[in-house]
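For reference, the structure discussed in these notes is given below.
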Amino acid sequence: MTTTRIEQIRQTLGQEIWIEGWLYNKRSSGGIQFLQVRDGSGIIQGVVTKKNEKNFLLAERLTQESSIRVKGIAKEDPRSPTGYELSIQEIELVHLAEEYPITPKDHGTGFLMDNRHLWMRSSKQVPVLRIRHEVMQAIRDYFNEHGFIATESPILTGVSVEGTTTLFGVDYFGEKAFLSQSGQLYLEATAMALGRVYWIGPTFRAEQSKTRKHLTEFWMAEAEVAYFDHEDNLRLQEDLVKYIIGRVIQNKLPDLKALDRDISKLEKIIAESFARVTYKQAIDLLNEKGMGKSWGDDFGAPDEEAISDHFKKPVFIEKFPAVMKAFYMEPDPENQELVKAADLIAPEGYGEIIGGSERISNKELLLKKLEEHKLPREPYEWYIDLRKYGSVPHAGFGMGVERTVAWITGVTHLRECIPFPRQLHRLTP
Ligand code: 4AD
Ligand code: MG
């Protein structure tokens, strides 16, 4: 028996097909039952009439999320919520589901999160995970097409990349180890071997913050390029972001529509160049808006939102004070107090989706920065080596996958942008 995936239904109109899936919802009207069948690729409305009594009685017994195979003929139907309708000739029951805890009525977030393993089947969650897949695949394809080598960084590590306050400690056979905050330091080594590299991997931050933009485990897409400077770095990021959005529009339009995403806002991102401000200009702008910012202040969610509202497009904030940022960033030759780093702020209040910088390539300067940041030299000895043997200017960045997915899908909370979110008080399911 060959089956058709619902997303391919258009190619099979008028033919007899089988669909393997689950009963999402059903209603009846007169002598007709409407079964909404989902298979992970989409939802289609199936129609069962009293003419076939066996089917009709079975349809009546079906509970929400029962697994079924259905045979029928699909046709276009503008009245159907999904655009197509399947006139069902046969139903095979695979498993009659027990009473399903998640019904189409409203549930509280805590309840839905406790049932994440089931909640992910619902009509708003499936499209998000499908778009997440497209984002991941687009990143891989983009880098692959641009001569980058896919590589990997370890998760168990002895070094801190982004400061010591958000490290998860692990006992490593009696030695202290950490879960990786970012693969960057390792990517720098790999870039010196392979030229241009990327990876998409899990990263961990012991963030005590309980916001809609923070997870304790999230996925980062990171790139590192030898002989790249700050300008090259920003160009690459802009090109990548536009490519990802283009791919999602091209391949996942039905999913964007299922989420009621305003597609024109995404199309606009591709058509225009991103805005660019220095940290100083951003501070001035926020002060003009009465947000009371001082030099050295970090940007919180309301600040990022004000900046993105002002430009209504992605904004690079660059040239941060060195004291605010990680130890490895290259100083700005015009002002040694600043670093050649940039954060990319997404529009519509989604906040920082990329952090990147040119890296220090001079050994003495790196040693000085490690000391200033009170980091021990010993675990970084291998990283210092990269500045001893054929050191070159290089730059790279890390993109938060969940934040990017949240922005593209229009979903407000990161917890819906990863199958099983890890947060301050959330370790199950
Ligand atoms: O800005 P971050 O901390 O940069 C780095 O880790 C660099 N070492 C990356 C590099 O240059 N290779 O993190 C990068 C991105 C952020 O812009 C944000 O999108 C995301 O990772 N991110 C988080 N996403 C979800 N939850 C958190 N707690 C996050 N922290 C950072
Ligand atoms: Mg950052």
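The values are calculated or read from the model by the stated rules, or taken from the named source; none is laboratory data. Fair warning: this is a prediction, and the values are worked out from it, not measured in the lab. Because the Cβ atoms are built from the backbone with ideal geometry, glycine has one as well, and the counts that use them run over all protein chains shown. Note: accessible area is taken over every heavy atom of the protein model, side chains too, but ligands, DNA and RNA are not part of it. Shrake-Rupley method; radii C 1.70, N 1.55, O 1.52, S 1.80 Å.
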*Determine the calculated [θ] at 222 nm for the chain from helices alone, applying -39500 (n - 2.57) to every DSSP H run no shorter than 4 residues and normalising by the residue count; nearest 500 deg cm²/dmol.*
-9000 deg cm²/dmol
*Kindly flag which residue pairs out of K210/K313; K176/K368; K242/K265 have an alpha-carbon separation exceeding 23 Å in this structure.*
K210/K313; K176/K368
*Would you mind working out the accessible area per residue for the range 248-313, using a 1.4 Å probe, and quoting it in Å²?*
56
*Relative to the longest principal axis of the chain, what angle (0 to 90°, nearest 10) does the C-alpha long axis of helix 230-251 take?*
0
*Once the Cα atoms of helix 363-372 and of the chain are each reduced to a long axis, what angle between those two axes, in degrees from 0 to 90 to the nearest 10, is obtained?*
80
*How would you rank 104-112, 362-370, 400-408, highest first, on the average number of other Cβ atoms within 10 Å across their residues?*
400-408, 362-370, 104-112
*So between S273 and E99, what do we pick up on full extension, going 0.36 nm a residue minus the alpha carbon distance?*
57.5 nm
*For a quick protection proxy, order the peptides 148-155, 245-252 by their average other-Cβ count within 10 Å, most packed first.*
245-252, 148-155
*How are the C-alpha pair distances of the chain spread across 20 Å bins, as whole percents from the shortest bin up?*
23, 48, 23, 6, 0
*Cα axis of helix 279-288 to longest principal axis of the chain: angle in degrees, 0 to 90, nearest 10?*
70
_Over the range 135-235, with the other protein chains present, what is the accessible area per residue in square angstrom, probe 1.4 angstrom?_
45
_With the cut-off at 1.5 for a/c, could you classify the range 10-68 from its C-alpha gyration tensor as rounded, prolate or oblate?_
oblate
*Ratio of the range 22-133's C-alpha Rg to 2.2 N^0.38 Å, to two decimals?*
1.10
_At 1.4 Å probe radius, can you tell me the per residue accessible area of the range 6-95 in Å²?_
51
*At a 1.4 Å probe radius, carbon and sulfur cover how many percent of the accessible area of the range 6-95?*
48
_Can you tell me how the range 185-256 classifies by the Cα gyration tensor, rounded, prolate or oblate, using a/c under 1.5 as the rounded cut?_
oblate
*Output the relative contact order of the chain, whole-number percent, from Cα pairs under 8 angstrom with separation of 6+ residues.*
14
